[in-house]
DNA sequence: AAGTCGGGGTT
DNA sequence: AACCCAGACTT
């Protein structure tokens with residue numbers, strides 16, 4: 001037992017000393033404001049420090065206090081989050097700010113149960129806020145910590161399992177030196193981010209290399225053990241980039257996504273599912289696809305004439321891989337968009353697999369119907385999407401996922417300003 | 001326990 | 001181009 005106490009003291013002591021020398025100067029570390037810690041921890045979920053820094057600065061400028069955040073329109077919060085991804089983090093953060101206003105008068109609670117009950121705050125973030133903001137001896141186990149400890153203590157359990165995280169939490173809790181929770185937890189994560197990296201860890205500069213079990217066994221690169229995620233399923237979609245005419249000249253047609261599900265409440269270019277028959281559709285002309293898009297636009301009350309296939313774009317979510325084919329349209333003001341009756345524009349200008357003209361087989365028809373149903377299921381019943389003609393300057397108030405920002409930017413640099 | 005939620009990095 | 005990284009919530 002004596003040995004394990006000494007071993008703990010060695011690990012924690014060396015780590016704290018290294019952290020004092022090596023810690024990065026980060027915006028949320030310049031003062032110990034629980035609100036700053038909270039916002040930064042939410043942003044840092046699944047997101048690198050370098051990406052977060054400019055978002056954090058802008059967010060705090062725009063919403064300096066919990067009260068400002070609680071009282072802001074949700075669109076403003078979403079716009080501030082544009083490009084960061086996982087947008088439910090932003091909605092949950094604002095919902096939690098409102099909870100803190102109501103329950104605690106705008107002051108972040110320092111009690112574990114109350115912190116953990118706030119929206120968007122799970123086991124990791126609870127520990128991070130309590131330890132970093134209030135120096136409470138709670139573990140904060142993120143991916144960095146699981147990697148560092150699984151190597152140092154040669155833990156070969158699958159870190160994707162719930163039980164392994166619990167095990168590591170207990171281990172981490174026992175390592176916190178009295179009165180040093182804030183620095184120790186940050187040191188552990190900092191080591192994972194800067195030295196004990198997933199690939200090619202920098203063991204030679206590691207402060208605890210001498211007693212790292214994985215290093216001593218030569219298996220540091222093989223840890224942590226983690227079961228692989230399922231690959232994302234491919235989805236094929238036809239996107240309409242509709243240029244306005246007449247009173248809509250200089251504008252583009254956009255719509256807002258349903259309130260729940262993928263990219264909830266974000267703005268986007270209109271799109272519909274294409275046949276998911278990758279490979280089988282190789283070389284098919286784009287004409288029929290444009291006709292189907294025109295018909296869909298017509299159902300939304302927009303008459304548009306197809307111009308050309310404009311570009312292909314891809315976007316990978318954790319569980320879906322979008323293959324998008326974008327078509328340019330011109331609004332045909334006053335005309336009725338007769339589904340299927342519009343002369344097809346140039347065909348086949350973007351060769352490639354996966355963009356069949358639509359349900360050509362039973363299987364393809366089924367795939368399209370399923371994809372369509374999946375999209376609709378995001379909304380409660382048949383919530384009407386909101387369509388809008390926007391000019392470039394309107395982008396300042398509307399949040400778009402990155403994939404549509406890329407398309408608009410390629411369409412014209414005018415649309416690149418955020 | 002498995003699936004849903006973005007976006008970017010390294011190799 | 002292929003592969004890797006990762007918290008909270010829902011089911």
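Compute log10 of I(q)/I(0) for the stretch A:195-281 with the Debye formula, placing one identical point scatterer on every Cα and leaving out solvent, at q = 0.11, 0.17, 0.25, 0.26 Å⁻¹, to two decimals.
These q points yield log10 I(q)/I(0) values of -0.66, -0.85, -1.22, -1.25.
Given the Cα-Cα distance of residue A:416 and residue A:8 and 0.36 nm per residue of separation, how much length would full extension add, in nm?
Values: separation 408, 0.36 × 408 = 146.88 nm, distance 5.24 nm.
Fully extending the segment from residue A:416 to residue A:8 adds 141.6 nm.
Using every pair of alpha-carbon atoms in the stretch A:71-113, split the distances into 10 Å bins beginning at 0 and state the percent of pairs per bin, rounded to integers.
Final binned percentages: 28, 45, 25, 2.
Rank the residues A:327, A:153 as a footprinting-exposure proxy: fewest other Cβ atoms within 10 Å of their Cβ go first.
On the way: A:327 24, A:153 18.
By the 10 Å Cβ count, ascending, the order reads A:153, A:327.
Would you mind computing the Rg to Rh ratio of the stretch A:2-222 from its alpha-carbon coordinates, Kirkwood style for Rh? Don't skip to the end; give the middle numbers.
On the way: Rg = 18.0 Å, Rh = 18.2 Å.
Taking Rh as the inverse mean 1/r over Cα pairs, Rg/Rh reads 0.99.
Values in this text are rule-based calculations from the coordinates and carry no lab data. Note that the structure is a prediction, hence the values are computed from the model and not measured. Don't worry about glycine lacking a Cβ; one is built from the backbone with ideal geometry, like all the others, and counts go over all protein chains shown.
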